[in-house]
There are 2 protein chains.
Amino acid sequence: MSTTTATPATPAAALPAPTLRVDGQRLWRALMDLAAVGATSRGGVCRLALTDLDRQGRELVVGWARAEGLQVTVDRIGTVFLRRPGRNPALPPVVTGSHIDTQPTGGKFDGNYGVLAGLEVVRTLNAHGIATEAPIEVAIWTNEEGSRFVPVMMGSGVFAGAVPLEQAWAATDTEGRTVREELARIGWLGDEEPGRHPIGAYFEVHIEQGPVLEDAGVTIGVVPGVLGIRWFDCTVTGMEAHAGPTPMALRRDALQVATRLMQEVVASAAAHGPHGRGTVGMVQVHPNSRNVIPGRVKFSIDLRNASDAAVEAQADQVRAAAQRLQAETGLDIRIETVSSYGAQPFDAGCIAQIGAAAQALGYTHMPVVSGAGHDAVYMARLAPAGMVFVPCKDGISHNEIEDADPAHLEAGCNVLLQVMLQRAGLAA
Amino acid sequence: MSTTTATPATPAAALPAPTLRVDGQRLWRALMDLAAVGATSRGGVCRLALTDLDRQGRELVVGWARAEGLQVTVDRIGTVFLRRPGRNPALPPVVTGSHIDTQPTGGKFDGNYGVLAGLEVVRTLNAHGIATEAPIEVAIWTNEEGSRFVPVMMGSGVFAGAVPLEQAWAATDTEGRTVREELARIGWLGDEEPGRHPIGAYFEVHIEQGPVLEDAGVTIGVVPGVLGIRWFDCTVTGMEAHAGPTPMALRRDALQVATRLMQEVVASAAAHGPHGRGTVGMVQVHPNSRNVIPGRVKFSIDLRNASDAAVEAQADQVRAAAQRLQAETGLDIRIETVSSYGAQPFDAGCIAQIGAAAQALGYTHMPVVSGAGHDAVYMARLAPAGMVFVPCKDGISHNEIEDADPAHLEAGCNVLLQVMLQRAGLAA
């Protein structure tokens, strides 16, 4: 993954359909119509996986797909494949997609854009009577967000064999209902075996969920890959004592030691640039009382980088600092792994194709790594895969104020259209 | 206030009653009997101010006092004065005392020891038929802890004119009941005007509530004064964003800035030694989610020192650091004063007298500043005042495991006996 930020004026690649464009207004209307399902009063969407609202969202999108003549298949984890046949049914489909479940206080675009951009590609091809050699499919992956049921990216994870179906089915929400029960209840427990579905290539468009494109004033992000992630919990144990009567020299202040390690988390990211990320997002102080020296502090550590080796180097740096601090202060410091996701580079061919299409379409573009996971991460294990990012306002997502510029969404969809056509091949 | 830790072998001062000693076992029994009122399953006491348990505690102690022939007066804020007349009723009484209300998970000794040590002085004088020139009084100050009703040290604060009676009466607990209602309900709303009570001198014995005496292996702490306190709330506001997609350079991480300022709080204490204290006890991170860069962090700052000027110098250091951090990072940092208590040195004569008595009694002793407030702070505004500390186990108080050595409690009480006798004068 390299991310030089320049947009060189390279010669435009020949587009497979040089004058064909998606209908940006139709795409926007579809986004707004879907956003009405689970709309929140603050302009966002709450459509948790496998709720009645998820069912309504699925019915709406699949209804649109049927109206476009697409064939519908549902697998046993509830992922939906909407197929536009090609001339050559022996060819594996070129697939795009994303998810339509949201965070509890989610926005209109995260996931939904990827699914509806796929639908817009189909509508555009239909409107122009364009046939492809390979089939084209739009996937609606089940439970990407992981808000209601863990793990995240459940549908694509099961599809890729990374998450056993039985385990995914057994996952429960806070009220004890299982994924399998809820799939059956909302009528989306399909019968296709997950993974028994050929994928010729996979593309996914998504809002960036970060500030890089907006900051650079660039329209298209060409995603070289997804950062590897390691999550840890760190607990520093000192001795709780009164803030007044305890002289500094006799304190075992867990927070003061913890704050030094928290800074090392950030330092580890800076030391492993340009893609290193280090975040302490969650802190619990015990007893958390104004005039009591904290006896115990627990905090989360989130490390990310473009290679697993770089993530591990960051983790080593944090662990070494913890050992030094423990030796220096005598306070106990424990760091436990919570979870870990490997870095996933995308296919060089797909990356090049996306960049060339953006260039030929006249859009500014630049490489932007994905710091967050997406269904495309699992698809990249199965087939050539690539992702297209478009800017989102202030880099904000997973938030009701998540917003995106219709022109950017249209641009990303045009890139998707061209790369899918290129892969699928225009039928003569 | 100076706190050299040596215990020089100076010549013993002449004690007023060289062979007279309190009964340590009787004192211990009284402590255990009072601790049974509101006893918790974990060995502590929960006897919040002006509850039925506080009433029972008051009745128990006042019953013991009546049995010793003491006269009982109650003022309008519920503080009780138990008076042993002197030969010369024109002399102002030598007063000792403390409080019998506790924290919700309090211990057996905080406050209770000061009241029952006063009772033990009286019992000792009675048992030996010793009369004094000035009267001797034991005060039970209302609501020292401030757990149920704010402010802390309410009874002594009203007595000293620092807290208006009407304001104290109007204070409410979490269920909306006022101090005045609760005083009337439990039958301890007296009719003496607070402060209309002469105080010749005031002594208070107390567990240290800190680790200094135990750490030094010393029995008696001679308290030069009480540290001044300033409490602040600090809020650092950045921008909440996803931990993955947001490169380090584009972050506005409120926690990373806050942790640097938290370290300055501790540094300010070290820079203003030996009595500087700096504590961050309470931290609230928003939104406090593992994979979200914190957008806002609020934390408490507790600064203490032996002079108000030194506390202010610490505060200046922290504020200057906040300004530098704000200029450097662009994040908004606000520091608001929550409350402030002036430093209170004790009377030089009382301090000398306590040290001399401890020395003459053969107890190891050293100066130990009080980092926490006590009723003696307000009494020091009205009369010569001094405090005697004894060690508590592991420096822990405001905790159900609060513990103290009976021999230390007896020693502190013997010091109290001698200094009160010295002030009150033995009747010939």
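The values are calculated or read from the model by the stated rules, or taken from the named source; none is laboratory data. Note that the structure is predicted; figures quoted are calculated from it, not measured. Because the Cβ atoms are built from the backbone with ideal geometry, glycine has one as well, and the counts that use them run over all protein chains shown.
In the stretch B:248-257, of all residues being more than 8 Å from chain A (Cβ to nearest Cβ) and out of contact with any Gly (no Cβ under 6 Å at 6 or more places or on another chain), the one that is surrounded by the most Cβ atoms within 10 Å (Cβ to Cβ) corresponds to B:V257.
Table: residues versus (1) buried (at least 24 other Cβ atoms within 10 Å of the Cβ); (2) without any contact (Cβ under 8 Å) to a residue 60 or more places away in the chain; (3) within 18 Å of B:Y378 (Cβ to Cβ); (4) aromatic (F, W, Y).
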| residue | (1), (2), (3), (4) |
| --- | --- |
| B:T79 | yes, no, yes, no |
| B:R83 | no, yes, no, no |
| B:G106 | yes, no, no, no |
| B:A117 | yes, no, no, no |
| B:E120 | yes, no, no, no |
| B:N126 | no, yes, no, no |
| B:I140 | yes, no, yes, no |
| B:V150 | no, yes, yes, no |
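In the stretch B:262-299, the residue that is nearest to the other protein chains (Cβ to nearest Cβ) out of those that are surrounded by 24 or more Cβ atoms within 10 Å (Cβ to Cβ) and in contact (Cβ under 8 Å) with a residue 60 or more places away in the chain is B:R277. Comparison of A:G342, A:G349 shows that the only residue that is in contact with a helix residue (DSSP H, G or I) (Cβ under 7 Å, 6 or more places away or on another chain) and surrounded by fewer than 17 Cβ atoms within 10 Å (Cβ to Cβ) is A:G342.
Of the residues making up the stretch A:84-109, those that are closer than 22 Å to A:E193 by Cα and touching a helix residue (DSSP H, G or I) at 6+ places or on another chain (Cβ under 9 Å) are A:R84, A:L91, A:P93, A:V94, A:V95, A:T96, A:G97, A:S98, A:H99, A:I100, A:D101. Among the residues of this structure, A:I220 counts as one that is crowded, with 24+ Cβ neighbours inside 10 Å, over 16 Å from the mean Cα position of the chain (by Cα) and away from every other protein chain (no Cβ under 11 Å).
With respect to (1) more than 30 Å from B:A343 (Cα to Cα); (2) assigned to a strand (DSSP E or B), the lone exception for A:V285 is condition (1).
Quick one: is A:A243 within 30 Å of A:P92 (Cβ to Cβ) and among the aliphatic types (A, V, I, L, M)? No, not satisfied.
Within the stretch B:138-173, the set of residues being among the acidic types (D, E) and over 17 Å from B:G190 (Cα atoms) comprises B:E144, B:E145, B:D173.
Hey, which of the helices (runs of 4 or more DSSP H) in the stretch A:296-382, taking only ones fully inside, have at least 1 residues that are over 25 Å from A:V212 (Cβ atoms) and at pLDDT 95 or above? Please lay out each step first, then the result.
Values: elements: A:308-329, A:348-360, A:375-379.
Because the criterion is at least 1 residues that are over 25 Å from A:V212 (Cβ atoms) and at pLDDT 95 or above, the helices (runs of 4 or more DSSP H) in the stretch A:296-382 that meet it are A:308-329.
If you take the residues of the stretch B:185-217 that are more than 14 Å from chain A (Cβ to nearest Cβ) and of a type in the set (V, I, T), which of them is farthest from B:S307 (Cα to Cα)? Per the criteria, the residue is B:I186. One residue alone among A:A243, A:A313 is among the hydrophobic types (A, V, I, L, M, F, W, C), over 22 Å from B:A254 (Cα atoms) and at the interface with another protein chain (Cβ under 7 Å from one of its Cβ atoms), and that residue is A:A243. A:N88 meets each of the listed conditions (1) modelled with pLDDT of 95 or more; (2) closer than 19 Å to A:E145 by Cα apart from (2).
Residues are listed down the side, and each one gets a yes or a no for (1) within 26 Å of A:N88 (Cα to Cα); (2) touching a residue at least 40 places away in the same chain (Cβ under 8 Å); (3) more than 14 Å from chain B (Cβ to nearest Cβ):
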| site | (1), (2), (3) |
| --- | --- |
| A:A385 | yes, yes, yes |
| A:F389 | no, yes, no |
| A:C392 | no, yes, no |
| A:E410 | no, yes, yes |
| A:V419 | yes, yes, yes |
